[in-house]
C-alpha cells in the first residue's frame, strides 16, 4: 500500500498528488512487465502430468495397416516423476519386442475434445520420457509422441498429424535422466484447419535394429498440447496491496 504526506510551512497535507503519481508509476511498471512477459498458455491435455492416476489415458497398440504391436497395458506409478515430486507420478508403458516387426508400437493415448471447433494455424505438442537402467538401450526402439487432429468431436474425421521420436541408443538408459520430445511449431497439412478434437499418443516403436530383450518398459510424463502458441509458460501473478 502506497501512502505519503507532505509538510509545508509546518502543516501536513494528505499527499493525494503524490499518491496519484506513485500509482501511475506502479501501473506503468506493471503494464510494462506484463507486456515483456510471455503470454500464459496451458496444455489442454487432461491429466498431462500423471499426478495420481492413469485415466483418462488408455492403452494403444498399432494395428493394420501398420505392423501389429503388443505390450503390457500402461499403468500409473508413483515414481519416477519428471520433477521428482512426491505428489505426482508417471505412466509406465511397455513394448514386447519378440516377434514384432519394424514400426510395431505400444503405449498410451487419449482423445481431447475442444470446447468448440478451433481454427488451427500451428500447434505445440510434446512429452517427456525416462528409460530405466534395466531397459536395454540397444537401438531397437524409439520413444515417440504423436499428435493427430480431427474435424469432429470424439477424434473422428482425421485431418493431419505429426510425430517426434528419439531412438533409445546406448547411454540413454538411466534412472536419473528424463528426455524431452517436442514440436513447438507443428503446422498441419492445409493449414489453417478447423479441428474439433485431437488425439495425443505416447508410445514405443520398433526400429529396424534387432532387440536384445523380450520387452522394454519406459516411463512417460508431462504431455503438452497448446494450440496456436509456441511455448506453455507459468502464469506470472502480480499482487497489489
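The values are calculated or read from the model by the stated rules, or taken from the named source; none is laboratory data. None of these values were measured; they are calculated from a predicted model. Cβ atoms come from the backbone with ideal geometry, glycine included; neighbour counts cover every protein chain shown.
Is it true that residue 158 is in a strand (DSSP E or B) and free of Cβ contacts under 8 Å to residues at least 12 places away in the same chain? Spelling it out, residue 158 is indeed in a strand (DSSP E or B) and free of Cβ contacts under 8 Å to residues at least 12 places away in the same chain. Answer yes or no as to whether residue 71 is touching a residue at least 40 places away in the same chain (Cβ under 8 Å), more than 20 Å from the chain's Cα centre (by Cα) and loosely packed, with under 14 Cβ neighbours inside 10 Å. In short, no. Would it be correct to say that residue 126 is out of contact with any strand residue (DSSP E or B) (no Cβ under 9 Å at 6 or more places or on another chain) and in contact (Cβ under 8 Å) with a residue 24 or more places away in the chain? No: the conditions fail for residue 126. Across the range 115-141, the qualifying residues are those that are surrounded by fewer than 22 Cβ atoms within 10 Å (Cβ to Cβ) and in a strand (DSSP E or B), and the one among them that is nearest to the chain's Cα centre (by Cα) is 124. Residue 71 meets each of the listed conditions (1) under 22 Å from residue 185 (Cβ atoms); (2) not in a strand (DSSP E or B) apart from (1). Filtering the range 176-200 down to residues that are over 21 Å from the mean Cα position of the chain (by Cα) and assigned to a loop (DSSP other than H, G, I, E, B), which residue is surrounded by the fewest Cβ atoms within 10 Å (Cβ to Cβ)? So the residue we want is 190.
Within the range 74-100, being modelled with pLDDT of 95 or more, over 15 Å from residue 127 (Cβ atoms) and assigned to a loop (DSSP other than H, G, I, E, B) holds for 78, 79, 84, 85, 86, 87.
Residue 156 meets the stated requirement of being farther than 24 Å from residue 82 by Cβ and in contact with a strand residue (DSSP E or B) (Cβ under 7 Å, 6 or more places away or on another chain).
Return yes or no: is residue 110 more than 21 Å from residue 163 (Cβ to Cβ), within 18 Å of the chain's Cα centre (by Cα) and assigned by TED's automatic domain parsing to the domain that holds residue 158? Here the answer is no, as residue 110 does not meet what is asked.
Among the residues of the range 201-226, those that are in a strand (DSSP E or B) and either surrounded by fewer than 19 Cβ atoms within 10 Å (Cβ to Cβ) or modelled with pLDDT under 95 (or both) comprise 215, 217.
Here residue 162 fulfils each of the conditions (1) surrounded by 15 or more Cβ atoms within 10 Å (Cβ to Cβ); (2) within 12 Å of residue 195 (Cβ to Cβ) apart from (2).
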